[in-house]
Amino acid sequence: MKILSVASEVFPLVKTGGLADVAGALPAALAKQGIHVVTLMPGYPAVMNALENYEAVHVLDKHFGGPARLLRGKARGLDLFVLDAPHLYDRPGNPYLGPDGKDWPDNAPRFAALALTAADIGRGLVAGCMPDIIHAPDWQAGLVPAYVRYGGGPKTVMTVHNLAFQGHFPAAIFGTLGLPPVAFGIDGVEYFGGVGYLKAGLQCADAITTVSPTYAREILTPEDGMGLDGLLRVRSNVLHGIVNGIDTDIWNPASDANIVQTYTAKQLPKREANKRAIEKRFDLDSGKGLLFCIVSRLTLQKGMDLVISALPKLIELGGRLAILGSGDTKLEASLKEATVLYPGRVSILTTYDEPLSHLLQAGSDAILVPSRFEPCGLTQLYGLHYGCVPVVARVGGLADTVVDANDAALSAGVASGIQFSPVTQEALEHALQRTAGLFADKPAWTKVQQTGMKSDVSWTRSAARYADLYRSLLKAH
Ligand code: ADP
């Protein structure tokens with residue numbers, strides 16, 4: 001079976017969030033299921049620089065305002081189609097935002113061009129490369145199912161990594177998309193009088209997936225449906241929740257080159273060397289006390305305001321906190337203020353630093369993920385795999401992947417972290433208190449770490465579920 005995956009970001013080439021990790025790791029996991037994935041990416045500078053042994057398989061004089069070439073090649077082990085359209089993608093920095101931090105004003109044609117190219121490949125544009133299914137994640141690929149519905153092509157799967165990012169554009173862009181007039185309607189791409197890329201995908205795809213069973217249920221409600229819950233309820237018979245995995249070759253504490261000291265579940269005291277390294281990098285007091293970390297976009301979604309409010313409690317419990325992340329300027333400023341208020345106890349680095357994110361998981365005692373909503377979340381999965389106990393809000397994928405250390409779970413030996421609900425300052429403080437209590441009981445704490453490290457967070461099971469879904473779509477005519 002051949003799948004064309006359309007991804008606006010793929011680790012290790014371009015990454016702003018979890019989508020990149022998924023798009024980077026799933027092809028190898030699906031290959032083990034006998035499924036060949038080719039990924040279509042925009043020709044961002046980082047992609048063009050990494051592309052090897054490529055050939056131009058199609059040339060367009062004019063593609064959404066300029067010349068473009070479709071390249072076929074490899075980069076970092078990934079089999080790629082790259083849409084080389086310099087007028088759309090040859091820009092430095094973030095793939096979606098300009099230097100002013102605002103969306104690029106031409107994001108509508110940038111990602112329509114990508115989607116139309118995917119649909120064209122699906123219709124046989126490149127000889128010998130006709131996919132059986134096109135897998136389209138997020139708003140950037142949202143128009144793919146619409147182009148296929150109105151212009152023909154294979155079955156499509158739309159994946160939602162985060163319903164908060166929907167790709168809304170004014171109605172005026174519709175005429176530039178090359179879709180028939182009938183597509184501008186409630187059954188097509190129209191959304192509240194404008195054009196909704198994610199909405200189009202959810203409306204037109206043969207199947208919809210999201211990245212955890214709990215999030216799949218949550219997005220059917222007005223509270224978490226972000227305005228799309230009505231549509232999703234209508235389509236709930238084709239909606240599936242499949243939890244993300246992690247790439248356990250890249251994320252393996254026994255062989256990770258990014259950490260100071262490698263270790264296995266039987267060698268947990270070795271983690272101390274990583275803790276010392278974190279203390280140095282973050283200029284934190286050295287000590288045996290509870291070290292929390294956060295690796296995250298600093299946003300309200302991620303509950304960073306709650307962390308700020310709960311800091312006095314964290315300090316009172318003898319904890320320290322190392323934060324790696326950036327985002328909302330106000331939250332960043334408040335966290336920086338906290339580092340002044342609690343020197344040696346709270347520290348933040350606002351860089352994007354992949355190796356340091358590994359070290360934090362390898363040396364911190366616990367990772368805080370107090371998200372208000374979390375489609376799947378990856379950092380708690382890395383935490384589980386590294387013996388860095390996840391302390392998480394009981395929402396979305398966090399609820400599905402972490403087993404709360406209540407008495408029943410502890411006595412059954414299945415607890416792997418701490419969950420709290422509702423997502424409030426009080427509940428977070430209570431969770432911090434429970435974490436400190438568990439940490440003080442060394443045998444129990446070690447058992448929770450080891451249980452987490454034993455949980456299967458690889459792609460194996462989830463890749464099998466995607467494979468089942470693809471097969472069921474090909475069977476249904
Ligand atoms: P989201 O996609 O909503 O941002 P996820 O938890 O699904 O959240 O994925 C975030 C990914 O980005 C994880 O791999 C995490 O380790 C990584 N990450 C976030 N911030 C940083 C940072 N400042 N430095 C390095 N990695 C980061």
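The values are calculated or read from the model by the stated rules, or taken from the named source; none is laboratory data. Nothing here was measured: the structure is a model prediction, and the numbers come from that model. Heads up, the Cβs are rebuilt from the backbone with ideal geometry, glycines too, and the neighbour counts pull from every protein chain shown. What goes into the accessible areas is simple: the full protein's heavy atoms, side chains included, and nothing from ligands, DNA or RNA. Shrake-Rupley method; radii C 1.70, N 1.55, O 1.52, S 1.80 Å.
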ask   = Among all residue pairs at least 6 apart or on different chains, which show Cβ distances below 6 Å where the first residue, located in the range 415-442, is farther than 14 Å from Pro370 by Cβ and open to solvent by less than 40 Å² (accessible area, probe 1.4 Å) and the second is at pLDDT 95 or above and among the aromatic types (Phe, Trp, Tyr)?
value = Leu438/Trp445; Phe439/Trp445
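Go through the residues of the range 224-232 one by one and say whether even a single one is part of a loop (DSSP other than H, G, I, E, B) and closer than 30 Å to Ser364 by Cα.
Filtering the range 224-232 for residues part of a loop (DSSP other than H, G, I, E, B) gives 224-228.
From what is left, the residues that are closer than 30 Å to Ser364 by Cα are none.
No, the conditions are met nowhere in the range 224-232.
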The range 161-177, subset modelled with pLDDT of 95 or more and touching a helix residue (DSSP H, G or I) at 6+ places or on another chain (Cβ under 7 Å), residue farthest from Gly196 (Cα to Cα) = Thr176
key: Failed criterion for Ile323 (all others in (1) under 30 Å from Leu163 (Cβ atoms); (2) open to solvent by less than 10 Å² (accessible area, probe 1.4 Å); (3) more than 12 Å from the ligand (Cβ to nearest atom) hold)   = (3)
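Determine whether Ile208 is within 25 Å of Leu469 (Cβ to Cβ), open to solvent by less than 30 Å² (accessible area, probe 1.4 Å) and either modelled with pLDDT of 95 or more or among the hydrophobic types (A, V, I, L, M, F, W, C) (or both). Please lay out each step first, then the result.
Details: within 25 Å of Leu469 (Cβ to Cβ): yes; open to solvent by less than 30 Å² (accessible area, probe 1.4 Å): yes; either modelled with pLDDT of 95 or more or among the hydrophobic types (A, V, I, L, M, F, W, C) (or both): yes.
In short, yes.
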ask   = Does any residue of the range 237-248 turn out to be touching a Lys or Arg at 6+ places or on another chain (Cβ under 9 Å), assigned to a helix (DSSP H, G or I) and over 20 Å from Gly153 (Cβ atoms)?
value = no
ask   = Looking at Ile278, is it surrounded by 18 or more Cβ atoms within 10 Å (Cβ to Cβ) and farther than 22 Å from Pro145 by Cα?
value = yes
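Residues Tyr197, Tyr150, Tyr191: which one is open to solvent by 50 Å² or more (accessible area, probe 1.4 Å) and among the hydroxyl-bearing types (Ser, Thr, Tyr)?
Being open to solvent by 50 Å² or more (accessible area, probe 1.4 Å) and among the hydroxyl-bearing types (Ser, Thr, Tyr) holds for just one of Tyr197, Tyr150, Tyr191, which is Tyr150.
For the range 378-405, which positions are assigned to a loop (DSSP other than H, G, I, E, B) and modelled with pLDDT of 95 or more?
Going residue by residue through the range 378-405, those that are assigned to a loop (DSSP other than H, G, I, E, B) are 378, 387-388, 394-395, 402-403, 405.
Within the range 378-405, Gly387, Cys388, Arg394, Val395, Val402, Val403, Ala405 meet the criteria.
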query = Out of (1) in contact with a strand residue (DSSP E or B) (Cβ under 6 Å, 6 or more places away or on another chain); (2) under 19 Å from Leu432 (Cβ atoms); (3) within 16 Å of the ligand (Cβ to nearest atom), what's the single condition that is false for Leu284?
reply = (3)
request  = Go through the range 111-136 and give me each residue that's within 23 Å of the chain's Cα centre (by Cα) and open to solvent by 10 Å² or more (accessible area, probe 1.4 Å).
outcome  = His135
query = Can you tell me which residues in the range 214-254 are of a type in the set (Asp, Glu), touching a residue at least 60 places away in the same chain (Cβ under 8 Å) and open to solvent by 40 Å² or more (accessible area, probe 1.4 Å)?
reply = Asp224, Asp247
ask   = For the range 43-77, which residues satisfy the criterion of being among the hydrophobic types (A, V, I, L, M, F, W, C) and more than 22 Å from Leu116 (Cβ to Cβ)?
value = Ala46, Ala50, Ala75
request  = Go through (1) surrounded by 14 or more Cβ atoms within 10 Å (Cβ to Cβ); (2) without any contact (Cβ under 8 Å) to a residue 24 or more places away in the chain one by one and return the number of the condition Lys313 breaks.
outcome  = (2)
message = I'm checking my understanding of the structure. Among residues of the range 375-410 that are within 10 Å of the ligand (Cβ to nearest atom) and open to solvent by 10 Å² or more (accessible area, probe 1.4 Å), which one is nearest to Leu26 (Cα to Cα)?
response = Leu378
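I'd like to check which strands (runs of 3 or more DSSP E) are fully inside the range 1-110 and have at least 3 residues that are more than 21 Å from the chain's Cα centre (by Cα) and buried (at least 23 other Cβ atoms within 10 Å of the Cβ). It would help to see each step written out before you state the result.
Values: elements: 2-6, 36-42, 52-60, 68-75, 78-84.
Qualifying strands (runs of 3 or more DSSP E): 78-84.
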query = Could you count how many residues in the range 130-179 are within 16 Å of the ligand (Cβ to nearest atom) and assigned to a strand (DSSP E or B)?
reply = 3
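Could you look through the range 1-19, keep only residues that are aliphatic (A, V, I, L, M) and over 18 Å from Ala115 (Cβ atoms), and pick out the one that is nearest to the ligand (Cβ to nearest atom)?
Keep residues of the range 1-19 that are aliphatic (A, V, I, L, M), which gives 1, 3-4, 6-7, 10, 13-14, 19.
Those left that are additionally over 18 Å from Ala115 (Cβ atoms): 1, 13.
Values: Met1: 27, Leu13: 14 Å.
Restricting to residues being aliphatic (A, V, I, L, M) and over 18 Å from Ala115 (Cβ atoms), the top hit is Leu13.
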request  = List the number of the failed condition for Gly303; all other conditions in (1) under 24 Å from Gln449 (Cβ atoms); (2) touching a helix residue (DSSP H, G or I) at 6+ places or on another chain (Cβ under 8 Å); (3) more than 13 Å from the ligand (Cβ to nearest atom) hold.
outcome  = (3)
